[in-house]
Amino acid sequence: MQLRDGLKEIAYGKWEGQLPETVNRDFHDDYVRWLTDPGWNAPTGGKEE
């Protein structure tokens with residue numbers, strides 16, 4: 001294993017702090033896409049947007 005500065009934390013944007021069930025309900029199509037392609041990024045922006 002090698003530590004890399006750019007890979008220490010992943011931001012989940014609007015999904016940050018949400019349960020998978022909530023993300024699936026509120027962002028179903030994006031959630032399914034992320035499950036099948038984990039390299040795809042979650043929607044950006046904070047929960048307040």
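Structure notes:
- The loop-placed GluC sites (Glu not before Pro) in the stretch 1-38, going by DSSP, that have at most 10 neighbouring Cβ atoms within 10 Å of their Cβ come out as 9.
- Label-to-label distance, nm, for residues given as residue 19 and residue 1 (7 Å Cα→Cβ offset): 2.9 nm
Readers should treat all values here as calculations from the given coordinates under stated rules, not as data from a laboratory. Everything quoted here is computed from the prediction, not taken from an experiment. Ideal geometry is used to build each Cβ from the backbone, glycine not excepted, and the neighbour counts take in all protein chains shown.
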